[in-house]
Amino acid sequence: MSAANSKATITAETRTRAEACGLEPPRDPCVLVLFGATGDLAGRKVVPSLCDLLGHGGLPEPFVLMGVGRSEHSAESFREHLREAVAEHKPDALKHWDELAPRVLYRRVDNDNDGDFKALADALDTLDREQRLGGNRIFYLAVPPTAYADLAASLGRAGLAAQTGDSEGWSRLVVEKPFGHDLASARALDAALHEHFGEDQIFRIDHYLAKETVQNVLSLRFANALFEPVWNRRYIRSVTVTAAESIGVGHRAGYYDRFGVLRDMFQNHMMQLLALCAMEPPSLYEADRIRDEKNKVYRALRPFPTERIEQHLVLGQYAPGTLDGELVPGYLDEEGVDPESLTPTFAAMRVYVDNWRWQGVPFCLVSGKRLAAKRTEIVIHFHEVPHSMFRSVFGEHIASNRLVLGIQPGEAVTLTFQAKAPGSRMCLRPVTMEFDYAAGFDAPALEAYEKVLLDVMLGDQTLFWRQDGVELCWGFLTPILMGCDCPEQAERLLLYKAGTWGPREAQRLMEPDS
Ligand code: BG6
């Protein structure tokens, strides 16, 4: 059955729900083949988000979720496993589970066994015929990144990467960051994926891009005439991008201790937030034009002076401390962490974008674990007024305007400015104007993973990384990582107490004139 013919299969109910969410349901039916189906990512994010997406009318009809893993499961026992995972990680998504469950299947596949992949291909063909799935397949690799290359090769050898035009259906590959651990390994991984899959078939997830408030950065900048004229070095003094987390490394020490905050947060999420603030307006809201503009920002990043790294970079690691009134262990005491580890869990980095718009404006990027609170935000600090007519009344200094784009959990846009405080004397007070996302809109917001899954089904790559962007960011970061990977790293790494805002030295970087 052709993908075009399948349009008729979207049910009226799906459409009604989707319309209520302002959502375009995918027209092509498909099967989502989920590798690592019994793993953490599948249970914590992918499956609960599929439940929610179904509830929002965002799944096509027909749709099948085929879990794939090494463990033995019947369809029944696998469904029970997923139901428990949804109950644990997103209890409110359970209300849609009964509707999703009949669409869930399971297949045991050994990643090293070509015979298993051939059998998988046959099973998918049979499923296509029985359920009229149009030959449309998503292969979601919810497995450790070290397995990506081999899995992509096995899929390719089994003929599962092939797509020969609309009428034969499409094949898409979904991978999560990290895409390599430096420039060379990112290139090697990409070459392996491209052996069988084309760039338009590869969806590299950065879930930050799919957050509503992150998407709103472009709307705010380019759908309002007000901000663009002041969005440059003449009016902006500095920009701070913060992604603070109160959680520690949790059960992910095996991965985190090898990657650390620079690879885990900076190479991807922080670079995307930076690009959204700094990019030029593309001529159209279209995947490649947007990604082209982001790449121009990455190309314009001033190379780090690696011989004076500490002037631009502060690295920290959390020590024991108190969070929400509870004692929490330091990083070195976390299960699975090397007790002599020099892995940074905090970084503050000052970067410059060397172009006409941003020359001389510092962008401070700050991210860390076990900080005082969860807070992701972009703060635009404007220049102070050039001359204060109030100086004879209360001195020289008037705090400058600030625009805060709250990403999470305070999803709001807040402008701080000066106003006269009531009273007979002339006194100024900073006041705020705020747009609160939750209060401003009724429609339910899609969670990041719902949006990611929806866009893969729609074939829209706007919110996914393109390989050239991945390489540009690794190209910027790799010399820094190499500079950190040296005997001096032990002295450079500053301890900070869990539950604080990180090493004090980071404040210095955030001062524009330092
Ligand atoms: C992930 C990182 O990509 O993002 C984690 O690997 C981090 O270390 C997480 O905790 C933060 O995501 P969010 O959506 O909770 O801000």
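The values are calculated or read from the model by the stated rules, or taken from the named source; none is laboratory data. The shown structure was predicted, so the numbers you read here are calculated from the model rather than taken from an experiment. Cβ: placed from backbone, ideal geometry, glycine included. Neighbour counts: every protein chain shown.
Filtered by the rule that a residue be at pLDDT below 95 and buried (at least 20 other Cβ atoms within 10 Å of the Cβ), segment 129-142 gives Leu133, Gly134, Gly135. Of all residues in segment 393-401, none satisfies being within 16 Å of the ligand (Cβ to nearest atom) and hydroxyl-bearing (Ser, Thr, Tyr). Of Tyr285, Tyr298, Tyr256, all but one fail to be buried (at least 18 other Cβ atoms within 10 Å of the Cβ), of a type in the set (Ser, Thr, Tyr) and away from the ligand (no atom under 16 Å from the Cβ); the exception is Tyr298. For segment 383-394, the count of residues that are modelled with pLDDT of 90 or more and outside any loop (DSSP other than H, G, I, E, B) is zero. In segment 454-512, the qualifying residues are those that are acidic (Asp, Glu) and free of Cβ contacts under 8 Å to residues at least 12 places away in the same chain, and the one that is surrounded by the fewest Cβ atoms within 10 Å (Cβ to Cβ) is Glu491. When Arg402, Arg370, Arg357, Arg350 are screened for being in contact with a strand residue (DSSP E or B) (Cβ under 6 Å, 6 or more places away or on another chain), surrounded by fewer than 20 Cβ atoms within 10 Å (Cβ to Cβ) and of a type outside the set (Gly, Ala, Ser), only Arg402 passes. Just to be sure before I move on: is Val297 assigned to a helix (DSSP H, G or I) and β-branched (Val, Ile, Thr) in the structure I sent? When the stated conditions are applied, Val297 passes them. Here Ser185 passes the criteria (1) small (Gly, Ala, Ser); (2) free of Cβ contacts under 8 Å to residues at least 24 places away in the same chain; (3) assigned to a loop (DSSP other than H, G, I, E, B) except the one numbered (3).
Restricted to helices (runs of 4 or more DSSP H) entirely inside segment 413-501, those with at least 2 residues that are within 23 Å of the chain's Cα centre (by Cα) are 437-440, 448-458, 467-484. When Arg204, Arg172 are checked against the criterion of being in a strand (DSSP E or B), closer than 30 Å to Asp114 by Cα and either within 13 Å of the ligand (Cβ to nearest atom) or modelled with pLDDT under 95 (or both), Arg204 stands alone in meeting it. Under the condition of being within 9 Å of the ligand (Cβ to nearest atom) and in contact with a strand residue (DSSP E or B) (Cβ under 6 Å, 6 or more places away or on another chain), the residues counted in segment 238-253 number 1. Restricting attention to segment 307-334, the residues that are touching a residue at least 40 places away in the same chain (Cβ under 8 Å) and either surrounded by 14 or more Cβ atoms within 10 Å (Cβ to Cβ) or within 22 Å of the chain's Cα centre (by Cα) (or both) add up to 17.
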